[in-house]
Amino acid sequence: STDHGEDSLFGRDVDAIQVLADSFRYFGRGWAQWIFGPLVQIVIVSILYLLLTLVLAGSGTSIDALANRGSGSDAALTGGLIAVMLLAIIAMFLVFIWSISTWYKAANKQVDTGMLEIKDFLSFKNVAGLMAVNVLSWLVISLGFVLLIIPGLFAAFFFTWMPAVKAVRPELSVGETFGASIEVAKKNVGVTILVVVLSAVLYAVLSFTLVGMFVYPALNTLILVLFVRRTLGLRG
């Protein structure tokens, strides 16, 4: 009877359909924050991208002027332009990763405390580790797909959970986050696959509308965080 009780508890804690339903419930409770927080992010990111574009354009103009005056070698001028472009691309990428990382932190805060504020999507506090994990999980999964589809699917299955794990357990190192992500995926493979399938179906349904494209990322982040929390035995 003890085993039955434990099995029942496990089944209740990691119920894929319940995770999906609860993601809608949490979104409904904080829909204004989940919509307007990212909108503020989009405005900030757009301004930064515009500034970077202006910097790039200015750099290109300056380099052209130097070239026309015959100042410096062509190789040095070309190298300077490439360096500026690389820095701009890296800056854009970091801003993008920062915005995604705040979503995971916001989702975990809402599930953990029941509270969510627009400023949660503009936080820089303790977000560096989450950004690093986001980049690493993206690199590992991308590398898997570069190698072949099957390695990519395996990498996605095991490492998609990394950002949510880091958000839920911020004290974990990067290496521990890798390990915990694998454990989350393996704990109940059938449920993990069902969560992935449900998220994919949700994307297919919502991606046809503009509103859906705004709502899906929030729901998906909540799904990942809820699933990880429940798999690790945390409330929410």
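The values are calculated or read from the model by the stated rules, or taken from the named source; none is laboratory data. Nothing here was measured: the structure is a model prediction, and the numbers come from that model. With ideal geometry, Cβ positions are generated from the backbone for all residues, glycine too; neighbour counts draw on all protein chains shown. Note: accessible area is taken over every heavy atom of the protein model, side chains too, but ligands, DNA and RNA are not part of it. Shrake-Rupley method; radii C 1.70, N 1.55, O 1.52, S 1.80 Å.
Points to keep in mind about this one:
- Only helices enter this figure: runs of n ≥ 4 DSSP H residues, each worth -39500 (n - 2.57), summed and divided by the residues of the chain, yield -28500 deg cm²/dmol at 222 nm to the nearest 500.
- Two-decimal log10 I(q)/I(0) for the stretch 175-236, as the Debye equation yields it once each C-alpha is a single scatterer, q = 0.29 Å⁻¹: -1.18
- Largest GNM mean-square fluctuation among 148, 122, 139, using the chain with Cα springs under 10 Å: 148.
- With the simple spin-label model, which puts each label point 7 Å out from Cα in the Cβ direction, the residue 83 to residue 139 separation comes to 2.3 nm.
- Using θ = phi - 60° and Karplus 6.51 cos²θ - 1.76 cosθ + 1.60, couplings along the stretch 95-105 (whole Hz; Gly, Pro as x): 5, 5, 5, 4, 5, 5, 4, 5, 5, 5, 5
- Sites residue 93 and residue 183 - FRET efficiency at Förster radius 25 Å, r taken between beta-carbons, to 0.05: 0.30
- Net charge of the neighbourhood of residue 116, taken over other residues with C-beta under 12 Å away and scored Lys/Arg +1, Asp/Glu -1, is +1.
- Expressed as a whole percent, the accessible area of the chain that falls on carbon and sulfur atoms is 72 (1.4 Å probe).
- Approximating the spin labels as points 7 Å out from Cα along Cα→Cβ, the residue 51-to-residue 148 distance works out to 4.7 nm.
- Evaluated over the chain, the count of Lys pairs having alpha-carbon atoms less than 13 Å apart is 5 (only pairs 8 or more residues apart or interchain).
- All-pairs alpha carbon distance profile, the chain, 5 Å steps from 0, percent: 1, 6, 12, 15, 16, 15, 11, 7, 6, 4, 3, 2, 1, 0, 0, 0, 0, 0
- Remark: the Cα gyration tensor places the stretch 132-195 in the oblate category, a/c being 1.5 or greater and a/b not exceeding b/c.
- Modelled spin labels at residue 208 and residue 112, positioned 7 Å past Cα toward Cβ, are 3.8 nm from each other.
- Summed over the residues of the chain and divided among them, the accessible surface reaches 54 Å² per residue at a probe radius of 1.4 Å.
- Extension gain (nm, one decimal) between residue 174 and residue 32, 0.36 nm per residue minus Cα-Cα: 47.9 nm
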